[in-house]
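Q: Here's a structure for you.
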Amino acid sequence: MKSLSQLFIQAKNGSEQAIEELILRFQPLMHKMAWKSGEYDEDCYQECMLAFVIAIGKFEIR
């Protein structure tokens, strides 16, 4: 299993496989954030997913 930093580097370099693996790792958190007042909000989940993919491109590893 690759480290998060390795996956982010590969994802920033355009690896779709690395992006998929990052999404899978963070998917439980995104599902958790989509629960509001006892109901699942699909739109919120989709927005979390979109924001996550955009954030991968902006993320800097030092």
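Q: Pick out the one residue from Lys32, Lys12 that is charged (D, E, K, R), touching a helix residue (DSSP H, G or I) at 6+ places or on another chain (Cβ under 9 Å) and open to solvent by 80 Å² or more (accessible area, probe 1.4 Å).
A: Values: Lys32 fails: touching a helix residue (DSSP H, G or I) at 6+ places or on another chain (Cβ under 9 Å).
Checking each option against the conditions leaves just Lys12.
Q: Look at the range 15-26 and say how many of its residues are open to solvent by less than 50 Å² (accessible area, probe 1.4 Å) and either of a type outside the set (Val, Ile, Thr) or at pLDDT 95 or above (or both). Spell out the reasoning first.
A: Of the residues in the range 15-26, the ones open to solvent by less than 50 Å² (accessible area, probe 1.4 Å) are 15, 18-19, 22-23.
Next cut, either of a type outside the set (Val, Ile, Thr) or at pLDDT 95 or above (or both) only: 15, 18, 22.
Of the residues in that region, 3 qualify.
The values are calculated or read from the model by the stated rules, or taken from the named source; none is laboratory data. Since this is a predicted model, take the numbers as computed values, not measurements. Please note: Cβ atoms are built from the backbone with ideal geometry, for glycine as well, and neighbour counts cover all protein chains shown. Accessible surface areas use protein heavy atoms only, side chains included; no ligands, DNA or RNA. Shrake-Rupley method; radii C 1.70, N 1.55, O 1.52, S 1.80 Å.
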